[in-house]
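K.L.:
I am attaching a structure below and will ask some questions about it afterwards.
Every read-out reported here was derived from the displayed coordinates using simple, explicitly stated rules and does not represent laboratory data. As the structure is a prediction and not an experimental result, all values here were calculated from the model. Cβ placement follows ideal geometry from the backbone for every residue including glycine, while neighbour counts extend to all protein chains displayed.
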There are 2 protein chains.
Amino acid sequence: MTTHLETRSTHRCFGGTQGFYQHFSEIIGLPMQFSVYQPPQAQQGSVPVLFFLAGLTCTEGTFMIKAGAQRMAAQLGIMLVSMDTSPRQTGIPGEAGDWELGSGAGFYLDATEAPWSKYFRMESYVTQELYQLILSHFPAEQNRVGIFGHSMGGHGALTLALRSPELYRSISAFAPIAAPQHCPWGQKAFSHYLGASRGTWYEHDATALIEAGYRLPALLIDQGLNDPFLAEQLQLDRFEAACRLHGQPLTIRRHDGYDHGYYFISTFMTDHLQHHYDQLSQL
Amino acid sequence: MTTHLETRSTHRCFGGTQGFYQHFSEIIGLPMQFSVYQPPQAQQGSVPVLFFLAGLTCTEGTFMIKAGAQRMAAQLGIMLVSMDTSPRQTGIPGEAGDWELGSGAGFYLDATEAPWSKYFRMESYVTQELYQLILSHFPAEQNRVGIFGHSMGGHGALTLALRSPELYRSISAFAPIAAPQHCPWGQKAFSHYLGASRGTWYEHDATALIEAGYRLPALLIDQGLNDPFLAEQLQLDRFEAACRLHGQPLTIRRHDGYDHGYYFISTFMTDHLQHHYDQLSQL
């Protein structure tokens, strides 16, 4: 597959390069946008790469603008990749106007229900097309790839890593939607994207996948205790219980006073990059 | 003066508190918004405080979201303050729609020309009302106050510090508009805010103030050499020449490849905070 990659902008940042790109996605059937931070070390050779999956309403820019991750990525020599959180301008009725569904709310799965199934194929996009594009167009080490994310993107990081363990060797999450079958955000998205019958919902629910025997490498999760979505939407206790019961290694750090946003994420970003660096260095 | 301070939101960040506030400004005659990052050390007592003045189109949020300054501010124990870049919703015809004038383009001066003079009084707002509000409502050390800024806000930091040296003990700037009398942005703003006759323009031009004998403490300026505004709008060489001729201590660092945005600013933020910390620690 020949990919035409349009560079929308590049910016020198901590000695490396922050870039924003667009390409026509064959899997989605529409243009998609993504962002890459190449650390200074990428000028000399391939480096480990981390995919960051953002949350509801975010774009490919959110993480690069708000998370403050480039400083530590430059220090450790890690490439960072983020991407838009859904297809855009699909023409699907109701696509826009509801921040929990459609635009900005792709939930990192392949929709099976019309009308969403035509374009909303974020799992295949992230794990196949974008993954291969990064490995072929950027100096990324193919055996040192990790994934992390926030909220809906934390759900994405967990489920994509559980479902494609061969692709991702290090995993972490900030305030993930950890049991989407059991929360309003997940139930709403899954009922539209996967159907109301719930037959395949468990395949995209991190807690259910752990219960079904899927496993991850050592996992780091940070969670703010002043997060207004924690009890109803994130269901982290449910995920933690499943991990304990089924022997999934897990470090959950709960932080007094921190909320759900990027002021929380940026505070613990250095620890996450170090976690991935350590995991990927063991390979 | 009793100030009613409305807290719009607060967020735990690097062990401190990121807050967004609104108050009715007596000087401007309208509500104004500003932001404060209180480092963890502020829970035990007063700390040094830095005012950051942002550039064209920015708001009180831009610096706090994009600059990645809180990490180092928490480490050094420095409070950070930023504010909106102009009055908003003044009802002045032509206020919006031109990013170089009116909303988002207050230029940190008190307009003397109608219709702008009624509300556009950013110099008095920043140096008097907001300054006093911060000292009285937050744990800020009154003798350890610094100022820095970017682009239009670099102009603001330089001119306000030159014009009110008793208020600011440490100064730095990122890519400042350093000789606004001689660039299109400055000429446009000054002609509307100060009048076409140019009689008082020099009073708000950092280069002219240096030439007129005003002085600053040791000054740090960072400048990207891939900044599209450098040659025409910023006029940094002109400022540098004036500083050399008149004995103003100045460190300018020019950086290959860096542009005008926050990826540039964030890269050198740590150095600026260290500069201010060192300057303010000598007092």
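K.L.:
How far is B:PRO93 from the same spot in each other copy, in nm, shortest first, if each label point sits 7 Å from Cα toward Cβ?
P.N.:
4.6
K.L.:
Mind jotting down the three principal axis lengths of the range B:38-116 based on Cα atoms? Whole angstrom, largest first.
P.N.:
47, 23, 16
K.L.:
State, to one decimal in nm, how far the label point of B:GLN89 lies from the label point of A:GLN128, with both points 7 Å from Cα in the Cβ direction.
P.N.:
About 4.9 nm, to one decimal.
K.L.:
Just add up the charged neighbours of A:GLN142: K/R +1, D/E -1, any other residue whose Cβ is under 15 Å from the Cβ of A:GLN142.
P.N.:
Residues near A:GLN142 contribute 0 overall.
K.L.:
Could you let me know the centre-to-centre spacing of the range A:127-153 and the range B:160-222, using Cα atoms, in angstrom?
P.N.:
Centre-to-centre distance over Cα atoms comes out at 47 Å.
K.L.:
How big is the Rg/Rh ratio for the range B:142-206, C-alpha atoms only, Rh by Kirkwood, two decimals?
P.N.:
Value, to two decimals: 1.02.
K.L.:
If R0 is 30 Å, what FRET efficiency do you get for A:ASN143 and B:TRP99 from their C-beta distance, rounded to 0.05?
P.N.:
On the way: r = 47 Å, r/R0 = 1.56.
Efficiency, from the Cβ-Cβ distance: 0.05.
K.L.:
From the label point of A:GLU141, set 7 Å along Cα to the beta carbon, how far off in nm is each other copy's matching point, shortest first?
P.N.:
Here A:GLU141 shows inter-copy label distances of 4.4 nm.
K.L.:
List the relative contact order of the range A:5-281 as a percent without decimals, with contacts defined as Cα pairs under 8 Å and 6+ residues apart.
P.N.:
Value for the range A:5-281: 17 percent.
K.L.:
Mind giving me the nanometre distance, one decimal, between the label points for B:LEU135 and A:SER136, set 7 Å out from Cα along Cα→Cβ?
P.N.:
Computed distance between label sites B:LEU135 and A:SER136 equals 6.4 nm.
K.L.:
At 0.36 nm per residue, and after removing the present C-alpha to C-alpha distance, how many nm does the segment from A:SER46 to A:ASP271 gain when stretched out fully? Intermediate values should be presented prior to the final figure.
P.N.:
On the way: separation 225, 0.36 × 225 = 81.00 nm, distance 2.26 nm.
Taking A:SER46 through A:ASP271 to full extension adds about 78.7 nm, to one decimal.
K.L.:
Which residue in chain B puts its Cβ closest to the axis that rotates chain B onto chain A, and at what distance in whole Å?
P.N.:
Nearest Cβ to the rotation axis, residue and whole-Å distance: B:GLY68, 2.
K.L.:
May I pose another question? Per residue, how big is the convex hull around the C-alpha atoms of chain B? Give it to me in cubic angstrom, could you? Write out the running numbers ahead of the final one.
P.N.:
Numbers: hull volume 33.3 nm³, N = 283.
Spread over its residues, the Cα hull of chain B gives 118 Å³ apiece.
K.L.:
Check which residues have an amide H placed less than 5 Å from A:GLU141's amide H, if you skip close sequence neighbours.
P.N.:
So A:GLU141 has HN proximity to A:VAL47, A:VAL49.
K.L.:
When all alpha-carbon pairs of the range A:109-243 are counted, what percent fall beyond 26 Å?
P.N.:
For the range A:109-243, the share of Cα pairs beyond 26 Å comes to 22 percent.
K.L.:
Okay, next question. Using Cα pairs closer than 8 Å and at least 6 residues apart in sequence, work out the relative contact order for the range B:41-162, in percent.
P.N.:
On the way: 212 pairs, mean separation 44.0, N = 122.
After rounding, I find 36 percent.
K.L.:
Then there is this: Excluding residues on the same chain fewer than 8 positions from A:LYS188, give the lysines whose Cα lies under 21 Å from its Cα.
P.N.:
A:LYS118
K.L.:
Going 7 Å from the Cα of B:GLU166 toward and past its Cβ, which residues in the range B:96-125 have a backbone nitrogen under 19 Å from where you end up?
P.N.:
B:123-125
K.L.:
A follow-up question, please. Is the shape of the range A:26-78 rounded, prolate or oblate, going by the alpha carbon gyration tensor and its root eigenvalues a ≥ b ≥ c, with a/c under 1.5 for rounded and a/b larger than b/c for prolate? Could the numbers behind the result be given before it?
P.N.:
Working: a/c = 2.95, a/b = 1.50, b/c = 1.97.
Oblate is the answer for the range A:26-78, as a/c is 1.5 or above yet b/c matches or exceeds a/b.
K.L.:
Shifting gears a bit: What FRET efficiency comes out for A:LYS118 versus B:LEU5 if R0 is 51 angstrom and r is the Cβ-Cβ distance? Round to the nearest 0.05. Intermediate results must be reported in sequence, preceding the final value.
P.N.:
On the way: r = 51 Å, r/R0 = 1.00.
About 0.50, to the nearest 0.05.
K.L.:
I would also like to ask the following. Roughly what % of Cα-Cα distances in the protein assembly as shown sit above 38 Å, to the whole percent?
P.N.:
In whole percent, the share of Cα-Cα pairs in the protein assembly as shown beyond 38 Å is 35.
K.L.:
Running a GNM on chain A with Cα contacts under 10 Å, which residue among A:ARG254, A:ARG169, A:ARG215 ends up with the highest mean-square fluctuation?
P.N.:
Its mean-square fluctuation being the largest, the pick is A:ARG254.
K.L.:
While we're here: Within a 10 angstrom radius of each residue's Cβ in B:263-272, how many Cβ atoms of other chains show up on average? Whole number is fine.
P.N.:
4
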